[in-house]
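Have a look at the structure below, then the notes.
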Amino acid sequence: MNKIAWSIVLISSVGLFSCGQKLPPPTPPTPVNLYAVKLQQVFYYDKYPSTTQALSQVNIYPEVQGYITGIYFKEGDHVKKGQLLYEIDKRLFQAAYDQAEANLKVAHGNTVQAQQDADRYTYLNKQKAVAEQLYDHAVITLQNAENSEKAAEEAVKSAKTNLAYSVIYAPFDGTIGFSQVKLGNMVTVGQTILNTISTDNPMAVDFLVNEKQLNAFESLEKGKKDEPDSLFTILMPDNSLYSYPGKISIIDRAVDPLTGAIRVRLVFPNPDYTLKVGMSCVVRVHNQEATPQMLIPNKAVVEQMGEYFVFVKKDTMLPPPHAGGAGEKKEENKKETKDTDKEVKVPTPVAIQKKVQLGQTIGPNVIVKSGINEGDSVIVDGVQLLHDGSRINSANKKPSN
């Protein structure tokens, strides 16, 4: 019996202890700051990585073989069309030209002699005073002499061309690069690159746009829209703004089926030769969108698996949280009335997660294309502590404007 009594006492003690233990208090609402979403006119640029290109660029090859005997420019300088650049040893070509001229004179003399003989035999043939065979031979000799003279004339042209090719001039105005040959180097036709020259004013800037933007750029190319002076500008590699605005020049003929992108070319004045071929720049296209946009702070956006979300305040009717223990509940149960089954609910602000589509980033803010509406209260601080349905507290905070 003693053992049974002690067991009853122990069970009663454990029950009393359990009834007196309190439940943990509920998680308090997360303090947040809010931003009132409104439509506003936004001024910004669409930016595209780009590369500078020459409108025309050629490699200079020799047209004749020989040794370099003259270099007449400073590497990296701006050269004019027709300016002397290189000279290849011309002595052999000059000698060949002189020989061709001499051969032409001999051929011309033979033609004159053959013409005189042909005239004489023609007269005698009419008088029946010479054999027909001698007349025929004289006519054939004249034809051969004339053909030989024509061949000599072509030989002179060829020798003259080779002599001219021994001196190399700039094909157009532009910037010339480092010489690939030095004085005394042997150069070979069609193999040795002497140098590269490219146009430098104006300069082209190429960049890629998505095919969805093609219609807008085609409208700009055809002049369907009024273009402001600053429609196309570029940021230099050091992030400085280039002094001159550009104009759209060419849109490529086809869209790349793998990337869905198409190349667009702008042309910029380059009077100071600041732009060099192959520079990495950023094209800024002044946005022509006249519709007001929704702009929110960038810190309000949460990225998850490549998608973007924001938290929006929403008032929801929830029951009040209970902080009392089981003992207190037991006492309350004694005061039950007919309305005890009806639990009172109060409006409670909670955070609702919404997926958004973002547009251009403008400083600390970002444009929202869809997912929220004008007038929504977006949570901008404390988003790291939130999840969908979290209770929030903004009682001491005022919505930002």
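Does region 222-233 contain at least one residue that is among the charged types (D, E, K, R), farther than 30 Å from ILE60 by Cβ, in contact (Cβ under 8 Å) with a residue 24 or more places away in the chain and touching a helix residue (DSSP H, G or I) at 6+ places or on another chain (Cβ under 6 Å)?
Looking only at region 222-233, we keep the residues that are among the charged types (D, E, K, R), and these are 222, 224-227, 229.
Next, from what is left, pick out any that are farther than 30 Å from ILE60 by Cβ: 222, 224-227, 229.
If we keep only those that are in contact (Cβ under 8 Å) with a residue 24 or more places away in the chain too, we end up with 225.
After this cut, where a residue has to be touching a helix residue (DSSP H, G or I) at 6+ places or on another chain (Cβ under 6 Å) as well, the list is 225.
The answer is yes, given that some residue of region 222-233 is among the charged types (D, E, K, R), farther than 30 Å from ILE60 by Cβ, in contact (Cβ under 8 Å) with a residue 24 or more places away in the chain and touching a helix residue (DSSP H, G or I) at 6+ places or on another chain (Cβ under 6 Å).
So, SER230, is that one touching a Lys or Arg at 6+ places or on another chain (Cβ under 9 Å) and of a type in the set (S, T, N, Q) or not? Show your work before the answer.
Details: touching a Lys or Arg at 6+ places or on another chain (Cβ under 9 Å): yes; of a type in the set (S, T, N, Q): yes.
Taking the combined requirement at face value, the residue satisfies it.
Listed residues LEU163, LEU134, LEU124, LEU142; which is assigned to a helix (DSSP H, G or I) and either among the hydroxyl-bearing types (Ser, Thr, Tyr) or within 60 Å of the chain's Cα centre (by Cα) (or both)?
Values: LEU134 fails: either among the hydroxyl-bearing types (Ser, Thr, Tyr) or within 60 Å of the chain's Cα centre (by Cα) (or both); LEU124 fails: either among the hydroxyl-bearing types (Ser, Thr, Tyr) or within 60 Å of the chain's Cα centre (by Cα) (or both); LEU142 fails: either among the hydroxyl-bearing types (Ser, Thr, Tyr) or within 60 Å of the chain's Cα centre (by Cα) (or both).
Result: LEU163 is the single residue among LEU163, LEU134, LEU124, LEU142 that is assigned to a helix (DSSP H, G or I) and either among the hydroxyl-bearing types (Ser, Thr, Tyr) or within 60 Å of the chain's Cα centre (by Cα) (or both).
Name the pairs: first residue in region 95-118 and among the polar types (S, T, N, Q), second residue part of a helix (DSSP H, G or I) and open to solvent by 40 Å² or more (accessible area, probe 1.4 Å), Cβ to Cβ under 8 Å, at least 6 apart or on different chains?
Filtered contacts from region 95-118: ASN103/ALA155; ASN110/SER148; THR111/GLU146; THR111/SER148.
Just to check your reading of the model, which residue among ASN239, ASN215 is open to solvent by 80 Å² or more (accessible area, probe 1.4 Å) and either basic (Lys, Arg) or within 16 Å of the chain's Cα centre (by Cα) (or both)? Spell out the reasoning first.
Numbers: ASN215 fails: either basic (Lys, Arg) or within 16 Å of the chain's Cα centre (by Cα) (or both).
Every option except ASN239 fails the conditions.
Would you confirm, using the coordinates I've provided, whether VAL350 is at pLDDT 85 or above and open to solvent by less than 90 Å² (accessible area, probe 1.4 Å)?
Values: at pLDDT 85 or above: yes; open to solvent by less than 90 Å² (accessible area, probe 1.4 Å): yes.
Criteria met by VAL350.
If you go through region 43-74 one residue at a time, how many are under 26 Å from VAL181 (Cβ atoms), part of a strand (DSSP E or B) and acidic (Asp, Glu)?
Counting residues in region 43-74 that are under 26 Å from VAL181 (Cβ atoms), part of a strand (DSSP E or B) and acidic (Asp, Glu) gives 0.
When region 156-204 is examined, which residues are found to be of a type in the set (Gly, Ala, Ser) and open to solvent by 50 Å² or more (accessible area, probe 1.4 Å)? First the steps, then the outcome.
Keep residues of region 156-204 that are of a type in the set (Gly, Ala, Ser), which gives 158-159, 164, 166, 170, 174, 177, 179, 184, 190, 198, 204.
Listed by number, the residues that qualify are SER158, ALA164, GLY190.
Out of (1) under 30 Å from GLU101 (Cα atoms); (2) outside any strand (DSSP E or B); (3) modelled with pLDDT of 95 or more, what's the single condition that is false for ILE193?
The failed condition is (1).
Can you pull out the residues in region 76-105 that are among the acidic types (Asp, Glu) and open to solvent by 70 Å² or more (accessible area, probe 1.4 Å)? Working first, answer last.
Of all residues in region 76-105, those among the acidic types (Asp, Glu) come to 77, 87, 89, 98, 101.
ASP98, the sole residue that qualifies.
The values are calculated or read from the model by the stated rules, or taken from the named source; none is laboratory data. None of these values were measured; they are calculated from a predicted model. A quick note on method: Cβ atoms are made from the backbone with ideal geometry, for glycine too, and the neighbour counts reach across all protein chains shown. Quick note on the areas: whole protein, heavy atoms, side chains included, nothing else; ligands and nucleic acids left out. Shrake-Rupley method; radii C 1.70, N 1.55, O 1.52, S 1.80 Å.
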